[in-house]
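The values are calculated or read from the model by the stated rules, or taken from the named source; none is laboratory data. It should be emphasised that the depicted structure is a prediction, and the values quoted were computed from it without experimental measurement. Reconstructed Cβ throughout: ideal geometry from the backbone, glycine too, with neighbour counts over all protein chains shown. Each accessible area value is taken on the protein alone, full model and side chains, heavy atoms only, with ligands, DNA and RNA left out. Shrake-Rupley method; radii C 1.70, N 1.55, O 1.52, S 1.80 Å.
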Amino acid sequence: MLSLLLLLFAGKQAVAGETTLNSMCNFLGGDYVNYDYCVSTLSSDPVSATADGHTLAVIAVNLTAANATAVRSLADSLSVSASNDSFVRASLQNCSSLYAAASPDLLRSFAAVAARNYTAATTALSAVLRVPAGCDEAFAAAKEGAAVASPIRKENNAFSDLATLAKAVNNYLAQ
């Protein structure tokens, strides 16, 4: 009997988490975050099945920080292999520096979410959102009269999407 009650309780927790996830993503989907992207991204963390809004904010910031680290690492790696093209190498090093410079803002967003200060987290994430544009601008600068395609444009866009989602979740909770 006790195990049946625990199963029912666990089932209600999962449904409550799904409801929170779906409700939040539905609300955000009406604004500037795609509903399907929101659900699939946040549900990539199994904790989201039972998460409240606060936990979803933690998940979103964690995903954003992990992605920033991955993009910075990729930029570093590609800058080494681009040793024969000084413009691409310098642009990738610039991108790496921008992602490194975002670390304090990501740490501020972590601390703000932990303190349930979603307005401060939103502000910190707004600053982080400048990174992909700055990185892309480095490649848009003329190289002998022509812009060069960024080898990390896809990763920059993915980071921008994650940071936008994290900002939207925190903004939603700040209201």
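Points worth noting:
- When the Cα positions of THR50, ASN67, PRO104 are compared along the charge dipole of region 31-110, PRO104 comes out farthest toward the positive end, with charges on each C-beta of Lys, Arg, Asp and Glu.
- Evaluated with a Cβ-only charge set (Lys, Arg +1; Asp, Glu -1), the chain carries a dipole of roughly 240 debye about its Cα centre, given to the nearest 20.
- Rg and Dmax, both from the Cα atoms of the chain and both in Å, are 19.1, 76.
- Electrostatic bookkeeping for THR123 treats Lys and Arg as +1 and Asp and Glu as -1; over the other residues with beta carbon under 11 Å from its beta carbon, the sum is +1.
- Seen from a random direction on average, the alpha-carbon convex hull of region 71-175 projects onto 6.5 square nanometres.
- Of the accessible area of the chain, computed with a 1.4 Å probe over protein heavy atoms only, carbon and sulfur atoms account for 58 percent.
- From helices alone, the chain scores -26500 deg cm²/dmol at 222 nm; the rule is -39500 (n - 2.57) for each run of n ≥ 4 DSSP H residues, then divide by the residue total.
- In the calculated pair-distance distribution of region 45-122, the portion above 14 angstrom amounts to 66 percent of the Cα-Cα pairs.
- Here the extension length gained between SER23 and THR69 equals 13.6 nm, from 0.36 nm per residue of separation less the Cα-Cα distance.
- Solvent-accessible area per residue in the chain equals 52 Å², computed with a 1.4 angstrom probe and all protein chains kept.
- Compared with the dominant principal axis of the Cα atoms in the chain, helix 2-29 is inclined by about 40°.
- Put simply, when 89-96, 121-128 are sorted by average Cβ atoms within 10 angstrom per residue, most first, you get 121-128, 89-96.
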